[in-house]
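Okay, so here's the structure we're looking at.
The values are calculated or read from the model by the stated rules, or taken from the named source; none is laboratory data. Bear in mind that the values here come from a model prediction, so they are computed numbers and not experimental data. FYI the Cβ positions are ideal-geometry reconstructions off the backbone, even for glycines, and counts take in every protein chain you see. We work out accessible area using only protein heavy atoms, side chains counted, and drop any ligands, DNA or RNA first. Shrake-Rupley method; radii C 1.70, N 1.55, O 1.52, S 1.80 Å.
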Amino acid sequence: MNRPQLVHYINDSRDPGVVLSEATVRELEQLVDALYRNLDTPEPEFGAQVWYELASEELQRRMDRKFPDAYGAA
């Protein structure tokens, strides 16, 4: 995901929860990666930290639902 695509997500007029809930797992993975890389720049986009946290949480929730025993298996 390039910077203009990332800015498109961050500046979406809809609530981030709505945007993230509509994204596929692949889109969430790409978004989290792009946000992480953006936060590692000298001037990250305004709001990138919040979006990173929300997108990471949404991705984790989906992975937990997909693999419910992944963390408790011995």
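For the reader, a short list of remarks on this structure follows.
- Figure note: Thr24, Thr41 ranked by solvent-accessible area, largest first, 1.4 Å probe, ligands and nucleic acids not counted: Thr24, Thr41.
- To the nearest ten degrees, helix 25-39 and the longest principal axis of the Cα atoms of the chain are 50 degrees apart.
- Rounded to the nearest Hz, the phi-derived 3J(HN,Hα) couplings of the range 15-20 under the Karplus curve 6.51 cos²θ - 1.76 cosθ + 1.60 (θ = phi - 60°) are 4, x, x, 5, 4, 5, where x marks glycine and proline.
- Accessible surface of the chain [probe 1.4 Å, protein heavy atoms]: carbon and sulfur percent: 53
- The chain: angle of helix 48-66 to the longest principal axis, Cα-based, in degrees nearest 10: 20
- All Cα pairs of the chain, percent lying beyond 20 Å: 30
- Along the chain, longest interval not containing exposed chymotrypsin sites (Phe, Trp or Tyr not before Pro), exposed being DSSP loop plus at most 13 other Cβ atoms within 10 Å: 1-45
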